[in-house]
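Working notes, beginning with the structure itself.
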Amino acid sequence: MKLVTKGLLIVAVPVVMQVFLITLMSIMLYQAHKQEVFEANAKDVVDDCHQLIMHSMTLAKQSHGLEGDQTFSKQDAEMLSKDLESIKSRLSPAEQNSADFKKLESISSNYIPFLIRVQNHEFEENGSRFRSERLLFKASDEYMEQVMRVVSFVESGHSNDVTARAQRADQIRFALTCFVIASIVLSIALAYFASITIRRPLELMVKNAENISRRVELEPEIGGRDELSALDSLLHQVDTSIDEALTTERNLITNAADLVCSIDKNGLFQSVNPYSHELLGYSPEWLVGSSIIDVVVSTDCDKVDQLLTSRTQSAGTTTVEVRMQTRDKTFVDTSWSAIWSERDSTLFCVIHDITERKAIERLKQDFLAMISHDLRTPLMSVNSSLDLVQSGAMGPLLPTTETQLISASRNTEHLIDLVNDLLDFEKLEAGRMDFDQTKVVLHDVYEETQQLVKALSDKMRVRIFPPKQTLSAYCDHRKLVQVLVNLSSNALKHSPEGGMIRIENKTVGKFVEISVHDQGPGVPEEYRQSIFAPFEQINSRATAALGTGLGLAICRLIVEGQGGKIGVRSSEILNGSAFWLTMPIGSKSLFDDV
């Protein structure tokens, strides 16, 4: 039975009982009222009969001269007819058709004519009134006797109604008593029904919910087809799903290639997964209960202590690099991702081995140092020597020799540019490059950019048009020139011979947008995001071999480092692409507004 059906049953049964009682009581009260009306009507009939007798006696006295000189008039005679009509109107059709009332009507119709004859002395003989009196008394007695028969008939019915009224009162009391008893029994039955079908399942589900939170075995399912049964079944399904999720989580933690552990506020291990044996050489059983300081290098103990003491200051995940000591006294570099649980008063940590990454970073630093000191300096020395030879300082050169020297000088400059790009990219990516941001008039930046790329633009016979409107921006002048030179050089490489490049600028909110438009083939949609990544180029084009693949990546780091953005879109001015960047107008950067 559905829960809504149970609710309707609990509500509907008392309502039906109330309706039944109201209907029964209405019927009984109607019958009682009807009986009262009948009794009142019978009383009125008796009163009218007595009135009829009084009027008839008065008329009899008047007709015989017993009332002095009074004689009854026509109006007095009509009184009897009115009394009789009043009695008839109060009688039921059955009573009107009874023999007694019919006889009364017959006697009444002959009574007035008889009294007129008496009044006219038609029954007197030889002047004697004895015969008239005898006939008058006889007619009056007969009239009164018939009226009394009607009264007796009506009163006999009234006596039966009194008995019926008493019985009806007893029936009403009996019905009320039965209803009270039935209501009490029904209330108890409905309360028991609600307890069995609603309260007990709810209590069982509350208990199952508590068991789920405590991870205790649940009570058996209720069974049935109502909503509570479905909800209880859902709780069992949730419990099963939680068990599966916890099992999966335990398996993930157990088989994880990272050290997963929990540490209390005193710095003691509470739980450790088996990877501890591979990372540190200690079993989980040995680590549980021991201090985290025992496996951390002394120089990094402050980091761990700060992680524990400042646990309540941030609810997010904290990442810190810590050097740890293994059982065989070797060292491993690790990265900790830690989050503090206020409810459990526990620090949950995922410790990842970054020893290889640190080794690679050291190799990278050694490589960059080698490039900076052992490669760039000799290259610059070679380039200077080539320039000196080309200038004729070492004597005249043969044409073939000069050609070879020019090629060697160009290759050397290309290598120097590559080294410089690598060093700049490393500094920008590591956040070690400082920006000297001041208010810069962009017109000066555009002129300097044109001068720096003039040789290439003249060679390609491509004209560069700066914007007509002069704006200002808050940026590093030298770095912005570097970005625009890189974007203009790329535009020149992809522009057709004899074409043009337009530089535009406009104000967009609190920023100045600078865009470089060309007439090249454009950048395909799939490359518009990845083209700013390191060493990313459109390999299908012949111009890919002309660059290092770091230029746009360096531009992105320079622009974003000053609070701006950079991107590429199709040019709405020329038919090629439009590389755009934004720079703040004031001293507040984009990140300050967020």
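The values are calculated or read from the model by the stated rules, or taken from the named source; none is laboratory data. These numbers come from a predicted model, not from an experiment. Neighbour counts are summed over all protein chains in view; Cβ atoms, including those assigned to glycine, are modelled from backbone coordinates with ideal geometry. Surface areas here come from the heavy atoms of the whole protein model, side chains and all, with no ligands, DNA or RNA. Shrake-Rupley method; radii C 1.70, N 1.55, O 1.52, S 1.80 Å.
At 1.4 Å probe size, with no ligands or nucleic acids counted, give the accessible surface of S152 in Å², nearest ten.
Ignoring ligands and nucleic acids, S152 comes out at about 70 Å².
Hey, rough spin-label estimate for E124 and E221, points 7 angstrom out along Cα→Cβ, what's it come to in nanometres?
11.7
For V296, list long-range residues whose amide hydrogen, built 1.01 Å from N in the peptide plane, is under 5 Å from its own amide hydrogen.
Q325
Can you give the extra length, in nm with one decimal, that the chain gains between H277 and A455 once fully stretched, where that is 0.36 nm per residue apart less the Cα-Cα distance?
On the way: separation 178, 0.36 × 178 = 64.08 nm, distance 6.42 nm.
Value of the extension gain: 57.7 nm.
Just read off the accessible area of T438 with the full protein assembly in place, 1.4 Å probe, to the nearest 10 Å².
60
Can you give me the accessible area per residue for segment 436-519, using a 1.4 Å probe, in Å²? Mind dumping the intermediate values first?
Details: 4170 Å² over 84 residues.
Ligands and nucleic acids excluded, the figure is 50 Å² per residue.
May I ask you to list the trypsin sites (Lys or Arg not before Pro) in segment 220-298 that are in a DSSP loop and have at most 16 other Cβ atoms within 10 Å of their Cβ?
On the way: sites: R225, R250, K265; in loops: R225, K265.
Counting only loop positions with at most 16 other Cβ atoms within 10 Å, the trypsin sites (Lys or Arg not before Pro) in segment 220-298 are R225, K265.
Which residues in segment 231-274 place their backbone N less than 19 Å from a point set 7 Å from the Cα of S290 along the Cα-to-Cβ direction?
258-274, by backbone N distance to the label point.
Counting only protein heavy atoms, what percent of the accessible surface of segment 89-143 is carbon or sulfur at a 1.4 Å probe? Kindly include the intermediate steps, with their values, before the conclusion.
Numbers: 1650 of 3390 Å².
Using a 1.4 Å probe with all protein chains present, segment 89-143 comes out at 49 percent carbon and sulfur.
From the cross-link list K479/K506; K265/K358; K303/K565; K265/K303, which pairs have alpha carbons spaced over 25 Å apart?
Numbers: K479/K506 20 Å; K265/K358 30 Å; K303/K565 35 Å; K265/K303 15 Å.
Checking Cα-Cα distances, K265/K358; K303/K565 exceed 25 Å.
Provide the FRET efficiency to the nearest 0.05 for the R528-A191 pair, computing r from the beta carbons and using R0 = 45 Å. It would help to have the intermediate numbers written out before the result.
Details: r = 73 Å, r/R0 = 1.61.
Between R528 and A191 the formula returns 0.05.
Of the accessible area of segment 194-247, with the probe set at 1.4 angstrom, what percent is carbon plus sulfur? Don't skip to the end; give the middle numbers.
Details: 2000 of 3380 Å².
So the carbon and sulfur contribution to the accessible surface is 59 percent.
Suppose the chain between T177 and V37 were pulled fully straight at 0.36 nm per residue; how much longer would it get relative to their current alpha carbon spacing? Kindly include the intermediate steps, with their values, before the conclusion.
Numbers: separation 140, 0.36 × 140 = 50.40 nm, distance 2.69 nm.
Going from the current span to full extension adds 47.7 nm.
On the full set of protein chains, 1.4 Å probe, figure out the accessible area of E227 and give it in Å² to the nearest 10.
That residue has around 80 Å² of solvent-accessible surface.
Answer rounded, prolate or oblate for segment 241-294, using the Cα gyration tensor with square roots of eigenvalues a ≥ b ≥ c: rounded when a/c is under 1.5, else prolate when a/b is larger than b/c, else oblate.
Judged from the Cα gyration tensor, segment 241-294 comes out oblate (a/c at least 1.5, b/c at or above a/b).
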